[in-house]
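Chemist: Quick one: this structure, given as structure tokens, is what I'll be asking you about.
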Amino acid sequence: MKIKIKTNLWSGIIMGALSLILLLIMPYQVRVPAYDSGAPSPRIIPGMCLVLMLFFSVVLIIQSLVFKKERIVEFDWNKEKPAILLIAILCLYVALMLLVGFIPASAITFIVILFYCGERKPFIYIFTIAAAVGIYFLFKYVFTVSLPAGLLF
């Protein structure tokens, strides 16, 4: 299945909608200090970036609809399916990490990815698990940064 995508139009719509949503929720996420120290608000830089993103999204939409400047890309589902599946696995990795913790989530996810990519050597699987454990202890004891422990463990 092949889909033709107008890049200027769709990127303008998606990024414009995203910038509007972020502009609407920013007052709830980035608080203004209770006292006035004379320093700029913490909302200035993110707000400017979001307004610029919205402005250029509108420019892209105008270019597409009014000036007919468009680049059309053909999206072939059969070619893109493996990459989309890997992205979905990595999104599940984030959810799994919050549920069971860094070490089990890393071991499970990267074993699944290795198997999906066709790796069958047992040493690689053992090395992957050892690397996940090593990274956990490196962050915990050397960098003193805690990685997710998970709700179940």
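The values are calculated or read from the model by the stated rules, or taken from the named source; none is laboratory data. As the structure is a prediction and not an experimental result, all values here were calculated from the model. When we count neighbours, we look across all protein chains shown, and the Cβ atoms used for this are built from the backbone with ideal geometry, even at glycine. In case anyone asks, the SASA skips ligands and DNA or RNA and just uses the protein heavy atoms, side chains included. Shrake-Rupley method; radii C 1.70, N 1.55, O 1.52, S 1.80 Å.
Chemist: Looking only at region 67-120, which residues are β-branched (Val, Ile, Thr) and within 30 Å of residue 8 (Cβ to Cβ)? Please lay out each step first, then the result.
Modeler: Initially, region 67-120 is screened for residues β-branched (Val, Ile, Thr), giving 72-73, 84, 87, 89, 94, 100, 103, 108-109, 111-113.
Selection gives 72, 73, 84, 87.
Chemist: Could you check region 63-90 and list, in sequence order, the residues that are in contact (Cβ under 8 Å) with a residue 12 or more places away in the chain and of a type in the set (A, V, I, L, M, F, W, C)?
Modeler: Across region 63-90, the qualifying residues are 65, 72, 73, 75, 77, 85, 86, 89, 90.
Chemist: Further question: Need a quick list: helices (runs of 4 or more DSSP H) entirely within region 36-130 having at least 1 residues that are open to solvent by less than 70 Å² (accessible area, probe 1.4 Å) and touching a Lys or Arg at 6+ places or on another chain (Cβ under 8 Å). Spell out how you get there, then give the answer.
Modeler: Working: elements: 44-65, 77-100, 102-116.
Output list reads 44-65.
Chemist: Go through region 52-73 and count every residue that is in contact with a helix residue (DSSP H, G or I) (Cβ under 9 Å, 6 or more places away or on another chain), over 16 Å from residue 5 (Cβ atoms) and among the β-branched types (Val, Ile, Thr).
Modeler: Of the residues in region 52-73, 3 are in contact with a helix residue (DSSP H, G or I) (Cβ under 9 Å, 6 or more places away or on another chain), over 16 Å from residue 5 (Cβ atoms) and among the β-branched types (Val, Ile, Thr).
Chemist: A further question follows. Are any residues in region 131-150 surrounded by 16 or more Cβ atoms within 10 Å (Cβ to Cβ) and on the phi > 0 side of the Ramachandran plot, and if so, which ones?
Modeler: 150
Chemist: Answer yes if at least one residue in region 20-30 is loosely packed, with under 11 Cβ neighbours inside 10 Å and either at pLDDT below 90 or within 30 Å of residue 81 (Cβ to Cβ) (or both), and no otherwise.
Modeler: To start, the set of residues in region 20-30 that are loosely packed, with under 11 Cβ neighbours inside 10 Å comprises 24-25, 28-29.
Pick out the ones that are also either at pLDDT below 90 or within 30 Å of residue 81 (Cβ to Cβ) (or both) and you get 28-29.
There is at least one residue in region 20-30 that is loosely packed, with under 11 Cβ neighbours inside 10 Å and either at pLDDT below 90 or within 30 Å of residue 81 (Cβ to Cβ) (or both).
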